[in-house]
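Engineer: To start, I am sharing the structure in question, which I have written as structure tokens.
None of the figures in this text is laboratory data; all of them are computed from the coordinates on show. Just so we're clear, the structure is a prediction, and the values are computed from it rather than from any experiment. Neighbour counts are summed over all protein chains in view; Cβ atoms, including those assigned to glycine, are modelled from backbone coordinates with ideal geometry.
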Amino acid sequence: MSILHNNVMNAEKENLTYKFGKRIKFERIKRDLSQEDLAELANTANTTISAIERGISSPTLDMVEKLAKALGYEPYELLIFKDLEI
């Protein structure tokens, strides 16, 4: 891999959208939920969950609130990344 590619990959891992997506995926898997299950609980499409988890879509604050409720958290708690391996 080139140095530029490595720098881009490292920058993505520092991106808040990327970290948030990893957090959602971590919490979903921890609860043994499929993307479809979480989408239903959060009243959204499974394609939305997929895009958020891959870090290619930044959720709105309303969506953060829906995801938090679906996963049993307060919205701010989903922004704590210390227990994630990124």
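Engineer: Which order, highest average first, do 62-68, 45-51 follow once you tally other Cβ atoms within 10 Å for each residue and take the mean per peptide?
Structural biologist: On the way: 62-68: 18.4, 45-51: 16.6.
By packing density, highest mean first, the sequence is 62-68, 45-51.
Engineer: Still on this structure, please answer the following. Arrange 77, 53, 85 by Cβ neighbour counts within 10 Å, fewest through most, would you?
Structural biologist: So the residues, fewest neighbours to most, are 85, 77, 53.
Engineer: Rounded to the nearest angstrom and ordered from largest down, what semi-axes does the equivalent ellipsoid of the stretch 3-79 get from its C-alpha gyration tensor (root of 5λ)? Mind dumping the intermediate values first?
Structural biologist: Numbers: eigenvalues 107, 31, 24 Å².
Taking √(5λ) for each eigenvalue gives 23, 12, 11 Å, largest first.
Engineer: Using a 10 Å cut-off around each Cβ, can you sort 71, 16 from fewest to most neighbouring Cβ atoms? Numbers along the way, then the final one.
Structural biologist: Working: 71 19, 16 11.
So the residues, fewest neighbours to most, are 16, 71.
Engineer: OK, next. In nm, to one decimal, how far is the modelled label at residue 69 from the one at residue 40, with both set 7 Å along Cα→Cβ?
Structural biologist: 1.8 nm
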